[in-house]
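What follows is one structure encoded as structure tokens, with my remarks underneath.
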Amino acid sequence: MTIKLVVGECTLNIVSAYAPYAGLDEEVKCRFWEGLDEIVRQVPPTERLFKGGDFNGLIGSTASGYGEVHGGFGFGERNEGGTSLLDFAKAFGFVIANSSFSKRDEHLVTFQNVVATTQIDYILLRRCDRGLCKDCKVIPGEILTTQHRLLVIDIGVMLKRRKRFDRGRPRIRWGALTKDKAQELEGRLSAMGA
């Protein structure tokens, strides 16, 4: 699922993804990554891109070899699915937001059931937009389903303020003028027809 939001002069593309789980055929996984590849290529580099979802992979607690995409803060041990995600992020210049902030385990774990406690949900953004990301964490008390926890990202988008002025009418800054000088200036402008 893809959503495009226009905020002021900034365009945000938000993509939600659900990767095939570990037991599926390699062909199914390959089609997923190819589809994601196609979606990324459709978003112009001038627009912001955020990808989030259940990637069914473990990126691990350390960057080891993926320092440009893995912030060094993760959970658990890396597996094949996590390596695929890291390779994808590296190929397209993404960074994994939830690995960029030091958090307690309860703010890293995105999936928990009786058998496992893992981090398989991630939010990715372009490396050039890393400065927009103020925080990324799991809300431990919020449960989307019986097993997944809510993963949130705080971003800051700066909006340009437009100057307000009346067109055609000159602006006079009266603050530094004495009362006599202001009246004299106003009289001259009136005589000029302004």
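The table that follows gives values for the structure above.
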| read-out | value |
| --- | --- |
| Test: G60 is open to solvent by less than 20 Å² (accessible area, probe 1.4 Å), within 24 Å of G156 (Cα to Cα), part of a loop (DSSP other than H, G, I, E, B) and of a type outside the set (S, T, N, Q) | no |
| Residues that are assigned to a helix (DSSP H, G or I) and open to solvent by 30 Å² or more (accessible area, probe 1.4 Å), drawn from the stretch 72-118 | E80, T83, S84, D87, K90, A91, F92, D105, E106, H107 |
| Residue check for E34: modelled with pLDDT of 90 or more, more than 20 Å from the chain's Cα centre (by Cα) and either in a loop (DSSP other than H, G, I, E, B) or more than 22 Å from I155 (Cα to Cα) (or both) | yes |
| The stretch 25-51 residues that are farther than 11 Å from V15 by Cα, paired with ones that are of a type in the set (F, W, Y) and surrounded by 12 or more Cβ atoms within 10 Å (Cβ to Cβ) (beta carbon under 9 Å, 6 or more apart) | F32/Y18; W33/F88; D37/F88; D37/F92; R41/F92 |
| Residues located in the stretch 37-54, provided they are open to solvent by 90 Å² or more (accessible area, probe 1.4 Å) and assigned to a helix (DSSP H, G or I) | E38, R41, Q42 |
| Selection within the stretch 1-17 - open to solvent by less than 70 Å² (accessible area, probe 1.4 Å) and more than 22 Å from I120 (Cα to Cα) | V7, G8, C10, T11, L12 |
| Matching residues, the stretch 10-24, being assigned to a loop (DSSP other than H, G, I, E, B) and out of contact with any Phe, Trp or Tyr (no Cβ under 7 Å at 6 or more places or on another chain) | Y21, A22, G23, L24 |
| Residue that is modelled with the highest pLDDT, among those in the stretch 130-186 that are open to solvent by less than 90 Å² (accessible area, probe 1.4 Å) and among the hydroxyl-bearing types (S, T, Y) | T178 |
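The values are calculated or read from the model by the stated rules, or taken from the named source; none is laboratory data. Nothing here was measured: the structure is a model prediction, and the numbers come from that model. Please note: Cβ atoms are built from the backbone with ideal geometry, for glycine as well, and neighbour counts cover all protein chains shown. Quick note on the areas: whole protein, heavy atoms, side chains included, nothing else; ligands and nucleic acids left out. Shrake-Rupley method; radii C 1.70, N 1.55, O 1.52, S 1.80 Å.
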